[in-house]
Amino acid sequence: MLNNLPCISIKDGEKILEIGYEDLIKYHGYNMIGGVALAYKIMMWGIPKLTDQVPERGKFYFYSGIGPGGQGVIDSVEMVLRVKTHNSLGLDKAWSMDKPGAYCPGGGHYYFEIGYDGKELCLGVKDGVIPSEFIRMSELAGERTRTGELLSDEETKYLHHLRYELSEAIISADPDDLFFEISCT
């Protein structure tokens, strides 16, 4: 299935790169693969709404309402858009608290903004896309980390299973079933 997914085309100087979902996994790894899938879908859905040309790195802005803990999203948008490199990545999850989008474990919302060359797209993840069991286990992991504890091996394995299931559900879903677009004002 991964080989059949389209690539994201992006200009890097004079060259056009074709970056696929599998490439994003190779860059980030499997730990937060749900975030990788989410970022891939956001870029595949959002970039064509912002430009009908092959876009250029260095002209993007990206905001993630899930904050700095969303490493799968961060790594993916950095690999493709280079928003971290160009100082155009927003991660203040408190800013998303009054924005629409599904609740995110650890605070914030699944709310995102992607901008290109002066155009902007704001979107939220629809309620029900992120399973409640995923949220419960992610919050448990965060709580344990804050208290200096670890998940048991069984709990860790289960959380990774939930992350993989989430990534599969996101990748196989139509973007219109995942996201709603809102005004960026």
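The values are calculated or read from the model by the stated rules, or taken from the named source; none is laboratory data. Just so you know, these numbers come straight off a predicted model, no measurement behind them. Note that each Cβ is placed from the backbone with ideal geometry, even for glycine, and that neighbours are counted across all protein chains shown.
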Notebook entry, point to check: Looking at region 59-94, which of its residues are in contact with an Asp or Glu (Cβ under 8 Å, 6 or more places away or on another chain), without any contact (Cβ under 8 Å) to a residue 60 or more places away in the chain and part of a helix (DSSP H, G or I)?
Noted result: Gly67
Next item on the list: For region 19-60, name all the residues that are surrounded by fewer than 18 Cβ atoms within 10 Å (Cβ to Cβ), of a type in the set (Ser, Thr, Tyr) and closer than 16 Å to Val83 by Cα.
Entry: Tyr27
Note to self: Among the numbered criteria (1) over 26 Å from Glu181 (Cα atoms); (2) in a helix (DSSP H, G or I); (3) touching a residue at least 12 places away in the same chain (Cβ under 8 Å), which one does Lys26 miss?
What the structure shows: (3)
Checklist line | Unmet criterion (only one of (1) among the small types (Gly, Ala, Ser); (2) outside any helix (DSSP H, G or I); (3) touching a Phe, Trp or Tyr at 6+ places or on another chain (Cβ under 9 Å)) for Gly128 | finding: (3)
Checklist line | Unmet requirement for Leu151, which otherwise passes all of (1) hydrophobic (A, V, I, L, M, F, W, C); (2) under 19 Å from Gly46 (Cα atoms); (3) part of a loop (DSSP other than H, G, I, E, B) | finding: (2)
Notebook entry, point to check: Restricting attention to region 87-110, does a residue exist that is modelled with pLDDT of 95 or more and of a type in the set (Asp, Glu)?
Noted result: no
Check: Taking region 68-102, which residues are surrounded by fewer than 22 Cβ atoms within 10 Å (Cβ to Cβ) and of a type in the set (Ser, Thr, Tyr)?
Finding: Thr85, Ser88
Notebook entry, point to check: Is it the case that some residue within region 161-180 is over 30 Å from Ile10 (Cβ atoms), out of contact with any Gly (no Cβ under 7 Å at 6 or more places or on another chain) and touching a residue at least 24 places away in the same chain (Cβ under 8 Å)?
Noted result: yes
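Which of the residues belonging to region 113-125 are outside any loop (DSSP other than H, G, I, E, B), of a type in the set (D, E, K, R) and either on the phi > 0 side of the Ramachandran plot or touching a helix residue (DSSP H, G or I) at 6+ places or on another chain (Cβ under 9 Å) (or both)? Show your work before the answer.
Residues of region 113-125 outside any loop (DSSP other than H, G, I, E, B): 113-116, 119-125.
If we keep only those that are of a type in the set (D, E, K, R) as well, we get 113, 119-120.
Once the filter is applied, which keeps residues that are outside any loop (DSSP other than H, G, I, E, B), of a type in the set (D, E, K, R) and either on the phi > 0 side of the Ramachandran plot or touching a helix residue (DSSP H, G or I) at 6+ places or on another chain (Cβ under 9 Å) (or both), region 113-125 yields Lys119, Glu120.
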Notebook entry, point to check: Among Val125, Val80, Val73, Val129, which is β-branched (Val, Ile, Thr), under 21 Å from Phe179 (Cα atoms) and touching a Ser or Thr at 6+ places or on another chain (Cβ under 6 Å)?
Noted result: Val73
Notebook entry, point to check: Considering only region 104-138, how many residues are surrounded by 15 or more Cβ atoms within 10 Å (Cβ to Cβ) and more than 17 Å from Ile42 (Cα to Cα)?
Noted result: 8
Next item on the list: Those residues that are in a loop (DSSP other than H, G, I, E, B) and out of contact with any Leu (no Cβ under 9 Å at 6 or more places or on another chain), I need them from region 131-148; list them, please.
Entry: Thr147, Gly148
